[in-house]
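Scroll down for the structure; my scribbles are underneath it.
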Amino acid sequence: MFINIIIYKQYKMADTYTNISIQFVFAVKNRSSLIEKSWREPLYQYITGTIQNYGHKLLRINGMSDHMQIFIAYNVNQLIPELIREIKTASNKYIRDNKFTRYKFEWQSGYGAFSYNFTDRENVINYIINQQLHHQKKTFRDEYMEMLREFEIEFKAPYLLDFFEDSFSDI
């Protein structure tokens, strides 16, 4: 009599480890200077919560009256366009619900997403912290175009963010 013995080998699946840093840049529709200093901090806190709810880690957030820069440790379980859509949709609603501006607030549909090496994190964080200083010397258009060139991103001018002469001072 033969006895069949089946041996089950327990396999342990490997965990996935990532460390991806991404900077997002996007602007208010028509580059309107609507984000006032008086409510930037609550807006940043709200956006931080949205980012963290999706499992990402906020490294730095800052901006000007017409655009936003966000730097995160990216959770690969969510697509970038999905995350940006959630940030924009939730923050639009937050701004409207809190009546921060009497004007219609919307984000432009496009955005920039730029990845960085882990060793560059501190430089990017400091760059974002100092947005107000950078924009005393450089327009948002110049900054954004420089990023596109630096990252060798091909683009078509008609599909860039809406730009116009920076004639508004930072509110």
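The values are calculated or read from the model by the stated rules, or taken from the named source; none is laboratory data. Small disclaimer: the values here were computed from a predicted structure and weren't measured. All Cβ positions, glycine included, derive from the backbone under ideal geometry; neighbour counts span all protein chains shown. Just the protein is used for accessible areas: all its heavy atoms, side chains included, with ligands, DNA and RNA removed. Shrake-Rupley method; radii C 1.70, N 1.55, O 1.52, S 1.80 Å.
Which is the longest part of the chain that has none of the trypsin sites (Lys or Arg not before Pro) sitting in a DSSP loop with at most 16 other Cβ atoms within 10 Å? Maximal segment without exposed cleavage sites: 13-98. Residues THR48, THR16, THR139, ordered by accessible area of protein heavy atoms at a 1.4 angstrom probe radius and largest first, appear as THR16, THR139, THR48. Taking Cβ atoms as reference points and 12 Å as the exclusive limit, the residues near ARG121 contribute a net charge of 0, counting Lys and Arg as +1 and Asp and Glu as -1. Given the alternatives (1) 57, 33, 27; (2) 92, 38, 31; (3) 58, 48, 29, Cα extents along the principal axes in Å as computed for this entry is given by (2). Fully extending the segment from ASN30 to ASP15 would add 1.0 nm, taking 0.36 nm per residue of separation and subtracting the current Cα-Cα distance. In the chain the longest region clear of GluC sites (Glu not before Pro) that are loop-assigned by DSSP and have at most 14 other C-beta atoms within 10 Å covers 37-151. Within the accessible surface of region 29-128, defined with a 1.4 Å probe on protein heavy atoms only, the carbon and sulfur portion equals 46 percent. Between 0 and 90 degrees, rounded to the nearest ten: what's the tilt of helix 37-53 against the longest Cα principal axis of the chain? Approximately 10 degrees, to the nearest 10. Heavy-atom accessible surface of the chain, averaged per residue, reaches 67 Å², computed with a 1.4 Å probe.
Put VAL25, VAL76 in order of accessible area, highest first, and with a 1.4 Å probe you get VAL76, VAL25. Its Cα centre serving as origin, region 16-128 has a Cβ charge dipole (Lys and Arg +1, Asp and Glu -1) of approximately 400 debye.
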